[in-house]
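Where a number appears in this text, it was derived from the coordinates with a stated rule and is not lab data. As the structure is a computational prediction, the values presented were derived from the model and not from experiment. Positions of Cβ are backbone-derived with ideal geometry, glycine not excepted, and every protein chain shown enters the neighbour counts.
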Amino acid sequence: MASPLAVNWEEELLTEGLSERARRAGAVYTGPGAGGVTQQRTQIELTGGVPDPVCLPIDDLIVASESVLRRDGHDALQYGGAQGFKGLRDWLADHWTKIEGMPLTAENFSLTGGSAHALANVCETLLDAGDTVIAEGPSFPGSLRTIRSLGATIEQATLDADGLDVDALEGQLADLDRRGVRPKLLYTIPTYHNPTGATMRLDRRHRLIELCQRYGVVILEDDAYGEIGFEGAPPPSLYALARGRGVIKIGTFSKILATGLRVGWVQASRPVIDALVAMRFDMGTSPLVLRTIARYAEDGRLDDHIRDLCEFYGRKRDLMENELRERCASFLTWSSPAGGFFLWLKLNPNVDTERLVAASQKEGVAFVMGRRFFAQPRDDDPNYIRLAYSNVSEDKIPEGIRRLGRALEAAARPE
Ligand SMILES: Cc1ncc(COP(=O)(O)O)c(C=O)c1O
């Protein structure tokens, strides 16, 4: 029987009418993957895993976009296909062939709306409700939400300062196998991890590939920060070590160029890319933006920019660590990250987290509480906080850490 649109139709739609997927994802998402931020608006924010505004190459992008519109305006302003502008895929193929040490072509790449979309595209193509995905705990909450929204179960894998704990994983895979569960994907951020900053050791990378191949689990390698290293090149990617067998890698221009471009990519074997492209119903990523990035990246300009970024963020990491050593060392411990945007701080047991949240709000410093990064937080886990040195300006870092130090002091119980 027909039922007319209710007067309170929005309320009805957004309660009874909400899709299963939206319910699973939770309706209160407020930011790039985070939530659990100690304060939304504050003077000094150590929250966002985004580039420092001084690093945005605005003038160069103006020149590049104008040149694209003048020279290729007709193509730039029409649909460009679901796999994305070949000129940029050629650039990626060239760039990553050098880094991965294996031949890659434009057919190994598809361009997406950031790596968040790359991950969603992979998950939508491969996951059904009820499937199991292994993900590090902690991990990037934006990815966990996407996986969970599809009805997949997340099995949390542990990690330490050397990346995913492969011994524990072996036991976990054997246990799942005994229970008749074959995980479909293992999602990992092996290099300059978000939030821990950890980089998976080379021997662990080899073991991880061997284990996943043995148990028939495809690896989804998130390399959002892999090019922002401060101590030389990181170990080869899982993709390179496995020569692409059983590994799908996702990357992004967000951290090396600008989040607002919303461009990332999937790197995989050709049949996998073809399947992912066939699952695109969004008419592709903006040809104007893809062409602008390609024009900007020409002649090694993006490579030079990445080199500058590594030096710049390395300096910010050092500055923040020096301040932490001076002002906060009696309340927490951490491992120094060799790249990326974050410091992951383990609070001493005598720091009361509720009091820390209140005190940091009073002091005017914001960071993200660690629990938000766990798919399955446990009450007896130690408490962590994540600080981002990427987005805060260099001159505010000392004051930000001074405020954190005072907040920690206010939150610490006498031992
Ligand atoms: C590990 C990781 N993956 C993916 C993303 C998504 O980034 P984007 O969609 O901007 O490429 C982020 C953003 O913070 C991230 O930290």
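Using only C-alpha positions, report the orientation-averaged shadow area of the convex hull of the chain, nm², one decimal. Numbers along the way, then the final one.
On the way: hull surface 95.7 nm².
Directional mean of the projected Cα hull area for the chain stands at 23.9 nm².
Using the Cα centre as the reference, give the magnitude of the dipole from point charges on the C-beta atoms of the chain (Lys, Arg: +1; Asp, Glu: -1; all else neutral), rounded to the nearest 20 debye. Present the calculation step by step, with values, prior to reporting the outcome.
Values: 48 positive and 58 negative charges, 54 e Å.
Magnitude of the dipole: close to 260 debye.
Got a sec? How would 313, 225 order by Cβ neighbour count within 10 Å, fewest to most? Let's see the in-between values first.
On the way: 313 24, 225 28.
The order, fewest Cβ neighbours first, is 313, 225.
Placing unit charges on C-beta atoms (Lys and Arg positive, Asp and Glu negative, everything else neutral), compute the dipole magnitude of the range 290-415 about its Cα centre in debye, rounded to 20. Write out the running numbers ahead of the final one.
Working: 21 positive and 21 negative charges, 63 e Å.
I would put it at about 300 debye.
Pairs to check: 249/346; 98/249; 255/346; 98/316; 86/249. Give those whose C-alpha atoms are more than 22 Å from each other in this structure. Write down the numbers at each step before the final one.
On the way: 249/346 29 Å; 98/249 16 Å; 255/346 25 Å; 98/316 28 Å; 86/249 19 Å.
Exceeds cut-off: 249/346; 255/346; 98/316.
Please name whichever of 116, 225, 129 sits farthest to the positive end of the charge dipole of the chain, dipole taken about the Cα centre and charges placed at Cβ: Lys and Arg +1, Asp and Glu -1.
129
Using +1 at the C-beta of Lys and Arg and -1 at the C-beta of Asp and Glu, which of 310, 273, 348 has the Cα lying farthest in the positive direction of the dipole of the range 257-387?
Working it through, the farthest residue towards the positive pole turns out to be 273.
Need the list of lysines near residue 362 for cross-linking: C-alpha distance under 18 angstrom, and skip anything on the same chain fewer than eight residues off.
396
Test of understanding: ordering 155, 311 by Cβ neighbours within 10 Å, fewest first, what list do you get?
311, 155
Please give the residues of the range 254-283, grouped as numeric ranges, whose backbone N is less than 17 Å from a label point set 7 Å along the Cα-to-Cβ vector of residue 58.
Answer for this model: 257-261.
Residue 128 versus residue 231, label points 7 Å from Cα toward the beta carbon: distance in nm?
Those two pseudo-labels are separated by 4.5 nm.
In whole angstrom, note down how far apart the Cα centers of the range 98-124 and the range 66-82 are.
22 Å
Please give the contour-minus-distance gain from residue 394 to residue 160: 0.36 nm per residue of separation, less the Cα-Cα distance, rounded to one decimal in nm.
Working: separation 234, 0.36 × 234 = 84.24 nm, distance 2.84 nm.
Full extension from residue 394 to residue 160 adds 81.4 nm.
Once R0 is set to 51 Å, what does the formula 1/(1 + (r/R0)^6) return for the Cβ-Cβ distance between residue 203 and residue 1, expressed as a FRET efficiency to the nearest 0.05?
Numbers: r = 66 Å, r/R0 = 1.29.
That pair, residue 203 with residue 1, gives E of 0.20.
How would 193, 117, 305 line up from fewest to most surrounding beta-carbon atoms within 10 angstrom? Display every interim value, and only then the final one.
Details: 193 28, 117 22, 305 16.
Ranking 193, 117, 305 by Cβ neighbours within 10 Å, fewest first, gives 305, 117, 193.
What ranking, highest mean first, results for peptides 368-376, 7-15, 385-393 when packing means the other Cβ atoms within 10 Å averaged over each residue?
Working: 368-376: 20.0, 7-15: 10.3, 385-393: 22.4.
Going by the mean number of other Cβ atoms within 10 Å, highest first, we get 385-393, 368-376, 7-15.
Stretched out fully, how many nm does the piece from residue 20 to residue 329 gain, at 0.36 nm a residue minus the Cα gap?
Values: separation 309, 0.36 × 309 = 111.24 nm, distance 4.52 nm.
Full extension from residue 20 to residue 329 adds 106.7 nm.
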